[in-house]
Amino acid sequence: MKYLGQIATVALKDVRAELRTKEALNASLAFALMILLLFSYTFDPSKEMMREVSGGLLWIVFAFAGTLTLNRSFARELPNDCLDALIAAPIPGSALFLGKCFASFVLVLAVELVSLPVFGIFYNVRWTLQLPWLLMVLLLGTWALTVIGTIFSALTVNIKLREVMLPMLTYPILMPALMAAMRLTTVLVNGQPIGEDDVAWLKMLIGFDVVFTAVSLALVETVLVG
Amino acid sequence: MSAVAVEGVWKYYGDYPALRDIRLEAAEGTCLALIGRNGAGKTTLLRIVAGFSTAQRGKIRICGKEPRETETRRLMGFIGHGISVYDELSALENLTLFGKLYGLADPKKSAHEWLERTGLERVRNGLVREFSRGMRQRLAVARAFLHEPSVLLLDEPFTALDDRAIAVLQRLLREALAAGKTIVMSTHQLREALELASHVALLNRGQLAFHGERTQEMVDDPGYVYARYGEGG
Amino acid sequence: MTSGLMLASLFDASVWAALAAAVAAAAASILFLRTRNFFYDSLALAATEIGLVLLAAGILAGAIAGRLSAGLWWTWDARLTAALVCWLLYAPYLMLRNAIEEPSRRAASAAVVSIFAIFDVPAIAVAVYWWLARRAPTPPIAVGWMILPMTLLGTALAWIRLRQEQRRRAQDAERRTAQEI
């Protein structure tokens, strides 16, 4: 119980701080809208085209806009040396990590949930036909993004070229999860249920989340203390 | 069992030894002033004692336990170069946050108490971003003392403090010593530190050049230790 | 043996060699985190670097082979594509090392990346296969005769690189000591 309380304290602190300044949130949202606009210029969004690319487009938007938020996750602790105080506090490294994960998860999800209706409007797509399944894929995919983004945000917090290193490290690792999320999202946005062919992708996404959450938790102390 | 024990600590950066076989102790209720010129290894050693980095060889014991254990961290308070409080939160929010992280019974009450003791009660709802330098420093002190730590580790705490903050810190440190707490403080401000210190340790190029009780000669002439045991100033 | 087949065998062999390098690097990384002995850090670096070099050569060979046989510079063959993604996975390891000055921190951070990467390799292989190989059935990577010479070459190169890295570390320590004086 106390452990959950510690996770909640860290998570609420991050969310509250972000809502005060809204720096990452605004940048992330603006970026998402920009990408959606730019792509609609690139090709004429016909029905057939959208059938194929909706999942890919959406997850490119989510991944790229999400990185702006995830980068800030540990970077926000740098001014005033707050990271020292968090590491010194008597909470397990895993509680600090999970608290930050949940905070980033909520913030990234917020941007995604705003982007979806905008996507629907710009591209004239009815994306709500398989809403419960779509939301589930959204949650699973966003967790993958968040876990990897947060652990590497911690890893790169003190190094040169942090803003460059974070995407360079996280995108290749995320590829299997992104591919799964893209495929599943395309299917669901088209209004189709997840068929036999695609259940494997769902398993891949869940497996990815489980394995990499475990690996992150196992290595979190090393990442924080060195 | 001493409050802080450094047992044969070596710290390497690659193959280069930044700290060589450091052995020292601080008994409960004492105040150890860690002195040495820039680059001697004071901050490195203090951060290892506090649990921010690990030594390749040797051990640290805080009241007989590992510094990274959760229970041990509860006993320690650290003031480093930064103030370690959040600009976007208010003074009260900051202290309440740390109160919760340290598992205090009533975080809000403790927060109010320490804002009072550092003279920040009036500005408790102000965002730290808007504080003056002195106010920020006093809040940093409040944060470190909030959970009543038994062992206080301070890295050059008097550097860049204004007069009011120095007075507050000195008062709190004296009260802590009177209450039997232990202090290890690295410093350049020899005079302020030597006034409080019961023991002195001199680090020179990663090695312990002197470790013993503070004498009257040291207080009278702070450069004495350097001249006698170090390499002059 | 035609040049096309030769290049394809080269590609196959380099993939296996790179895989061996990745596993060696991960093992060395874990051992480093356990023992904090910098020998393992040097070993992980050497293995990763040589693995990346061999894999790059292999990918190039595979692309040329594809050009010779199918007329395309990139055939979107599942094996070739998966190899490329894995190369992109490990390249940031070297970038990360360059971005961290302090040796202990650099070694620990690199070790973490190496461990994450090895868990990702099977996921990438499977994901790329599902993506590309379902419609155009692709055989798995062949175990050809080139594996042995390739692995020996890789091991020799890694050994040389390892010695070089150990010498560099010793020199770095001397330099830091000299700066002190």
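The values are calculated or read from the model by the stated rules, or taken from the named source; none is laboratory data. Remember, it's a predicted structure, so these values are computed and weren't measured experimentally. FYI the Cβ positions are ideal-geometry reconstructions off the backbone, even for glycines, and counts take in every protein chain you see.
Test B:L177 against the criterion of being under 15 Å from the mean Cα position of the chain (by Cα) and part of a helix (DSSP H, G or I), and give yes or no.
On the way: under 15 Å from the mean Cα position of the chain (by Cα): yes; part of a helix (DSSP H, G or I): yes.
When the stated conditions are applied, B:L177 passes them.
Confirm whether B:M76 is surrounded by 18 or more Cβ atoms within 10 Å (Cβ to Cβ), facing another protein chain (nearest Cβ under 10 Å) and either under 19 Å from A:V225 (Cα atoms) or modelled with pLDDT under 95 (or both). Give the steps one after another, and end with the answer.
Values: surrounded by 18 or more Cβ atoms within 10 Å (Cβ to Cβ): yes; facing another protein chain (nearest Cβ under 10 Å): yes; either under 19 Å from A:V225 (Cα atoms) or modelled with pLDDT under 95 (or both): yes.
Against the criterion (surrounded by 18 or more Cβ atoms within 10 Å (Cβ to Cβ), facing another protein chain (nearest Cβ under 10 Å) and either under 19 Å from A:V225 (Cα atoms) or modelled with pLDDT under 95 (or both)), B:M76 qualifies.
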Please verify whether region C:153-164 includes one or more residues that are in a helix (DSSP H, G or I), touching a Ser or Thr at 6+ places or on another chain (Cβ under 9 Å), among the aromatic types (F, W, Y) and at negative phi.
no
Could you tell me whether region A:153-164 includes any residue that is facing chain C (nearest Cβ under 7 Å) and crowded, with 21+ Cβ neighbours inside 10 Å?
yes
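For residues that are farther than 9 Å from C:L162 by Cα and surrounded by 17 or more Cβ atoms within 10 Å (Cβ to Cβ), scanning just region C:34-43, find the one that is farthest from the chain's Cα centre (by Cα).
So the first thing to find is which residues in region C:34-43 are farther than 9 Å from C:L162 by Cα, and the list is C:34-38, C:40-41.
Then drop every residue that is not surrounded by 17 or more Cβ atoms within 10 Å (Cβ to Cβ), which leaves C:36, C:38, C:40-41.
Numbers: C:R36: 23, C:F38: 20, C:Y40: 16, C:D41: 15 Å.
My answer is C:R36.
Listed here are the residues, each with its yes/no results for (1) away from chain A (no Cβ under 13 Å); (2) surrounded by fewer than 18 Cβ atoms within 10 Å (Cβ to Cβ); (3) touching an Asp or Glu at 6+ places or on another chain (Cβ under 8 Å); (4) more than 28 Å from B:T43 (Cα to Cα).
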| residue | (1), (2), (3), (4) |
| --- | --- |
| B:E71 | no, yes, no, no |
| B:G80 | no, no, yes, no |
| B:L101 | no, no, no, no |
| B:A111 | yes, no, no, yes |
| B:T118 | yes, no, no, no |
| B:V123 | yes, no, no, yes |
| B:E130 | no, yes, no, yes |
| B:Q137 | no, no, yes, no |
| B:A142 | no, no, no, no |
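Pick out, from region B:1-87, the strands (runs of 3 or more DSSP E) lying fully within it that include 2 or more residues that are within 13 Å of the chain's Cα centre (by Cα) and closer than 21 Å to A:L86 by Cα.
On the way: elements: B:4-13, B:16-26, B:31-35, B:57-62, B:76-79.
Output list reads B:76-79.
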Where A:D81 falls short, out of the listed (1) in contact (Cβ under 8 Å) with a residue 40 or more places away in the chain; (2) closer than 30 Å to A:M165 by Cβ
(1)
Odd one out for B:R57, checked against (1) at pLDDT below 90; (2) within 12 Å of chain A (Cβ to nearest Cβ):
(2)
So A:Y171 ticks every box in (1) surrounded by 23 or more Cβ atoms within 10 Å (Cβ to Cβ); (2) out of contact with any Asp or Glu (no Cβ under 8 Å at 6 or more places or on another chain); (3) within 14 Å of chain C (Cβ to nearest Cβ) but one. Which box is left unticked?
(1)
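If you go through region A:206-226, how many residues are polar (S, T, N, Q) and facing chain C (nearest Cβ under 10 Å)?
First, the residues of region A:206-226 that are polar (S, T, N, Q): A:213, A:216, A:222.
From what's left, facing chain C (nearest Cβ under 10 Å): A:216, A:222.
Summing the residues that are polar (S, T, N, Q) and facing chain C (nearest Cβ under 10 Å) in region A:206-226 gives 2.
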The lone condition B:P149 fails out of (1) without any contact (Cβ under 8 Å) to a residue 60 or more places away in the chain; (2) within 11 Å of chain A (Cβ to nearest Cβ); (3) more than 22 Å from A:A11 (Cβ to Cβ) is (1)
State the number of residues belonging to region C:118-134 that are under 30 Å from A:V225 (Cβ atoms) and more than 7 Å from every other protein chain (Cβ to nearest Cβ).
3
